[in-house]
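The values are calculated or read from the model by the stated rules, or taken from the named source; none is laboratory data. Since the model is a prediction, treat every value here as computed from it, not as a measurement. Methodologically, a virtual Cβ is constructed for each residue, glycine included, from the backbone with ideal geometry; neighbour enumeration extends over all protein chains shown. To get the accessible areas, we keep the full protein, side chains included, count just its heavy atoms, and leave off ligands, DNA and RNA. Shrake-Rupley method; radii C 1.70, N 1.55, O 1.52, S 1.80 Å.
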Amino acid sequence: MDDKKKKLIRLTAHSKTLNLLKGQIGYLGQFMDVILVAKDTGNLKTLAEEEQVRFRNIEIYREINLIGDLKALWHLIKLFRKEKPDIVHANTPKGALLGLLAAKITGVRHRLYNVNGLRFETATGNFRRLLIFMEKVACACATKVIPQSNGVANVVRREHITKKSLKVILNGSGNGVDTNYFDPAIPNLTDEAKKIINGFKGTTFVFVGRLVGDKGINELVEAFSRLNKKYSDVRLILVGPREEELDPLKDETIRLIETNDKINEMGRQTDIRPYLMASDVFVLPSYREGFPNVVLEAASMGLPCIVSNVNGAEDAIINNVNGYVIPIKDAEALYAHMEYLHIHPTERSIMANKTRDLIKSRFNRVDVWKATKEMYDNLWRN
């Protein structure tokens, strides 16, 4: 590469998605002229200031909106003609579709599509076919397709989305995990965790994420309720907001959450570390993911994890080593593994002792940043 900084545009549909790249943006800004592009959902200016990069707010709709999409495409074309970026690196299906199409029209040399979660995996019928078509168009406009995990790569190949080479960055995940921040040895977390434990002596299972059907909450609550009928010394902590309009929980699930005093619904939390530290096992029975950062965070806090065999989760968890990988939508398998870890505390402790070191060696945040910069550098070497 020459001495002049290359210009990089990181683009997503909504700016909150860019929060997942905190730290990495500023790191890359030391070597490149970085511009963040997204619809501002309340954090874009603050994030750009924190990372010391430029930003541009463009109205990009996540859902299909023909007139709005054409306007967004036109604004992106004008922006790219003005800025003349060397790289446009897009995340999220809609952001990638419009951003990479605009980049192709304006002759941007390197057009990268970071394939995160594949929404069509849980869609059906004509809507599923439309989502697959959108993925194919985005990949066709890209010069490089980067799957977020090996699982995502496998689905892209299986569905014949693209014939381009697919290779994850390092071991997958978009930004790794800050193992210095998610560290159970941090002293002040102990006091916060003790407040949450509140003298409870049994096994605490914890979930962190949106409380919606696609995250497997119906199966989790069903499995835990059954477990709790057999064992009184178990507890379930649910950290995250309900999204009743998008993907509501079953009425029975809501009833069980609200009537069982061993299920503690904590809502959205700005710092999830005390809840992880107060728990014994992390559970994510999700139906689909790209690469769930929360699994890395829980494992970095030393928790064995029970995850469904979805993209990313099974990249982070090695079955029978630092947790268990179970089939999606399988409340019976979920119950069996929760029961096993409850009644086998020694096995649980052995897994807990392994999991943090595994995450540090494979998904340390700074290592992911360096691998991402190297990937950019290699674009001019090939």
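Select from segment 124-154 the residues that are of a type in the set (Val, Ile, Thr) and crowded, with 20+ Cβ neighbours inside 10 Å and write down the one among them that is nearest to residue 22 (Cα to Cα). Out of the qualifying residues, it is 146. With respect to (1) in a strand (DSSP E or B); (2) open to solvent by less than 20 Å² (accessible area, probe 1.4 Å); (3) not hydroxyl-bearing (Ser, Thr, Tyr), the lone exception for residue 111 is condition (2).
Number of residues in segment 155-179 that are closer than 22 Å to residue 86 by Cβ and either among the hydrophobic types (A, V, I, L, M, F, W, C) or crowded, with 21+ Cβ neighbours inside 10 Å (or both) equals 3. Scoring residue 45 on the criteria (1) within 26 Å of the chain's Cα centre (by Cα); (2) within 19 Å of residue 111 (Cα to Cα); (3) loosely packed, with under 15 Cβ neighbours inside 10 Å leaves a single failure, condition (2). In segment 205-218, the residues that are basic (Lys, Arg) reach residues that are open to solvent by less than 10 Å² (accessible area, probe 1.4 Å) with C-beta atoms within less than 6 angstrom, at least six apart or across chains, in these pairs: 210/240; 215/286. Looking only at residues in segment 63-105 that are within 19 Å of residue 6 (Cα to Cα) and assigned to a loop (DSSP other than H, G, I, E, B), the one that is most open to solvent (accessible area, probe 1.4 Å) is 84. Does residue 310 qualify as being touching a residue at least 12 places away in the same chain (Cβ under 8 Å), outside any helix (DSSP H, G or I), out of contact with any strand residue (DSSP E or B) (no Cβ under 8 Å at 6 or more places or on another chain) and crowded, with 20+ Cβ neighbours inside 10 Å? Taking the combined requirement at face value, the residue satisfies it.
Find the residue count for segment 180-207, including only residues that are charged (D, E, K, R), exposed (fewer than 13 other Cβ atoms within 10 Å of the Cβ) and assigned to a helix (DSSP H, G or I). The qualifying residues number 2. Looking for something modelled with pLDDT under 95 and out of contact with any Leu (no Cβ under 6 Å at 6 or more places or on another chain) - is there at least one such residue anywhere in segment 272-280? Scanning segment 272-280 turns up no residue that is modelled with pLDDT under 95 and out of contact with any Leu (no Cβ under 6 Å at 6 or more places or on another chain).
A search for C-beta distances below 8 Å between a residue of segment 265-281 that is at positive phi and any residue that is open to solvent by less than 50 Å² (accessible area, probe 1.4 Å), counting only pairs 6+ apart in sequence or on different chains, returns 267/239; 267/240; 267/241.
Check whether at least one residue in segment 282-297 is open to solvent by less than 50 Å² (accessible area, probe 1.4 Å) and among the basic types (Lys, Arg), and report yes or no. Taking every residue of segment 282-297 in turn, none turns out to be open to solvent by less than 50 Å² (accessible area, probe 1.4 Å) and among the basic types (Lys, Arg). Counting the residues of segment 225-252 that are open to solvent by 50 Å² or more (accessible area, probe 1.4 Å) and of a type in the set (A, V, I, L, M, F, W, C) gives 1. Take residue 43 and decide whether it is in contact with a Lys or Arg (Cβ under 9 Å, 6 or more places away or on another chain) and farther than 21 Å from residue 140 by Cα. Here the answer is yes, as residue 43 does meet what is asked.
Scanning segment 355-375 for residues that are polar (S, T, N, Q), open to solvent by 10 Å² or more (accessible area, probe 1.4 Å), touching a Leu at 6+ places or on another chain (Cβ under 7 Å) and not in a strand (DSSP E or B) turns up nothing.
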